[in-house]
């Protein structure tokens, strides 16, 4: 059987994940949290929002693992509106697959492949050009191997592995 083609793979550095669930719309919550994290020079690496009008709204975000303590404090102190619950998971990573054409098939194959190898999926986000999976950081290499086994990657392309992390500067132009 011919393998499905993918356009490439990209993995993140080590992250932590925060899951916020609450009864009201999270538009104001997202804005407030984004501003609070930006004021602490914390980049949001992954952000999803799931509105569920009957029960709760859910917001999932990932930040650098080295920002876990400061982000936890911000969310506990200032970022969580009344009635919202916060849970977290440390030491996660994001593996992004760039589907060549068959995004739905690729999504299914990855979920089945990872399931048979007990690779957890803590979050999924899709766009027109990418499918991103949040998993345990110590499983990233195993997840990459599963994808390389199941799909055809472009020739002479290794999965993109970041080696540096970008931080926001204290310098403001015009001061």
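Computed values, structure above
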item: Efficiency of FRET between residue 66 and residue 117 - r from beta-carbon atoms, R0 30 angstrom, step 0.05; result: 0.55
item: Additional length obtainable on full extension of the chain from residue 125 to residue 138, 0.36 nm per residue less Cα span; result: 2.7 nm
item: Rough spin-label spacing in nm, given labels placed 7 Å along Cα→Cβ, for residue 90 and residue 32; result: 2.7 nm
item: Virtual spin-label span in nm between residue 145 and residue 24, 7 Å along Cα→Cβ; result: 4.9 nm
item: Potential extension, residue 155-residue 107 segment - 0.36 nm per residue separation minus Cα distance; result: 15.1 nm
item: Kirkwood-Stokes translational diffusion coefficient of the stretch 15-90, alpha-carbon pairs, 37 °C, 0.692 mPa s, µm²/s; result: 269 µm²/s
item: Contact order relative to length of the stretch 15-90, as percent, for alpha carbon pairs under 8 angstrom and 6 or more apart; result: 49 percent
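All of the numbers you see were taken from the coordinates with simple rules; none came from a lab. What you are looking at is a predicted structure, and each value in this text was computed from that prediction instead of being measured. Backbone-built Cβ (ideal geometry, glycine too); neighbour counts: all protein chains shown.
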